Structure formats: C-alpha cells, structure tokens
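The structure appears right after this line, and notes come after that.
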Amino acid sequence: MDDAPSDGRDVVRPVLIDSSKRRLLLIPSAPDSEVGSWTVPTFPMRPGETVRRAALRHLRRVVRLPALRVQPLIGRLSRRDVPQGVQYVVVVRPAGDSWPSATRFAFAPEAQWWTTAELRRSGERVEPAELLDFMDGYWEGWLPDGEISLD
C-alpha cells in the first residue's frame, strides 16, 4: 500500500530524524498522559487524505519547517483512544543535509534529540512504545519500505 487514505479518525505521527547522528526529535508527552514519557507530535488527518500529504501539510504549513522528505516506510498502529482509528508513524528527513538549528523549537521548547540507545539506557518512557523498535529497524535497514503493522 503506497499511502493509506484517512477516514477522519486517523492521525499521522511524523518522526523527524537526524540521519548523520541517528537521532530522532521527541517532545514531552501531554501533562495528562504517562508521567515522564517522550513522544512524537500527533496531527489529525483529513478524510481521504494520504499519510504523506497529512505529514507534509502539518510540517510545512502549520509547523513551518523547510523542505523535507517523507520516507517510504509507514508504521501503522491502532489508536487506543478512538475505536477503529489508526495512527501512522512516518520518518521525515530534511531535503538538505541537516535541519535548521531552530527545528526542535518549532514543536516545543522542551523538544530534544535522542538516539534509541540513549533512550533505552536512560529508562525514559516513549509513546508509542513500539517507536524504538521501529526506528532501530529503520536505522539498521531491516524494515521494508511501505506500510507495516506495529501492533
């Protein structure tokens, strides 16, 4: 499947990466969620909108990031908060060599770049929990392009 269309209950969760250092940008979870956990932003998808289009729309228009590339790997998870809803995890790189230094502040002042190894060593919680294995699979190249289930 190239890009799943949304039915209005779906969300896209872009993971901004720094390929040269194998890092991902995470933000603190909302205050009403698990204490001390890190996550990636969650953006609602419009009905009929593809995953890539939703990610680009939010990152370019709402967050105002510069040119970027959405990788062909898409992780699919059920939404725990919305019956029949799906959350799509996508990997996003800058179109150039690196992100502008202010990129992390576009999401939240507290946003931080992490490696999966740093997160595992620190014992920090990550939401969704499957994100670390997903990113390790991306970095190591053992996940195929296309949509895969993370459930």
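Structural remarks
- In region 127-151, the residues that are at positive phi and touching a residue at least 60 places away in the same chain (Cβ under 8 Å): GLY146
- Residue in region 67-75 that is open to solvent by 20 Å² or more (accessible area, probe 1.4 Å), in contact (Cβ under 8 Å) with a residue 12 or more places away in the chain, among the basic types (Lys, Arg) and closer than 19 Å to ILE17 by Cβ present: yes
- Flag for GLU124 being free of Cβ contacts under 8 Å to residues at least 24 places away in the same chain, in contact with an Asp or Glu (Cβ under 9 Å, 6 or more places away or on another chain) and either among the charged types (D, E, K, R) or open to solvent by 40 Å² or more (accessible area, probe 1.4 Å) (or both): no
- Residues within region 83-103 that are modelled with pLDDT of 85 or more, closer than 21 Å to PRO128 by Cα and open to solvent by 50 Å² or more (accessible area, probe 1.4 Å), tallied: 1
- Residue check for ALA106: surrounded by 15 or more Cβ atoms within 10 Å (Cβ to Cβ), touching a Ser or Thr at 6+ places or on another chain (Cβ under 9 Å) and in a helix (DSSP H, G or I): no
- Of all residues in region 1-32, exactly one satisfies the criterion of being modelled with pLDDT of 90 or more, assigned to a loop (DSSP other than H, G, I, E, B) and open to solvent by less than 30 Å² (accessible area, probe 1.4 Å), namely ASP10.
- Residue count, region 48-82 (criterion: more than 24 Å from ASP136 (Cβ to Cβ), among the hydrophobic types (A, V, I, L, M, F, W, C) and either modelled with pLDDT of 90 or more or not in a loop (DSSP other than H, G, I, E, B) (or both)): 3
The values are calculated or read from the model by the stated rules, or taken from the named source; none is laboratory data. This structure is a prediction, so every number in the text was calculated from the model and none was measured. Note: ideal-geometry Cβ built from the backbone for every residue, glycine included; neighbour counts use all protein chains shown. With ligands, DNA and RNA removed, areas are computed over all heavy atoms of the protein, side chains included. Shrake-Rupley method; radii C 1.70, N 1.55, O 1.52, S 1.80 Å.
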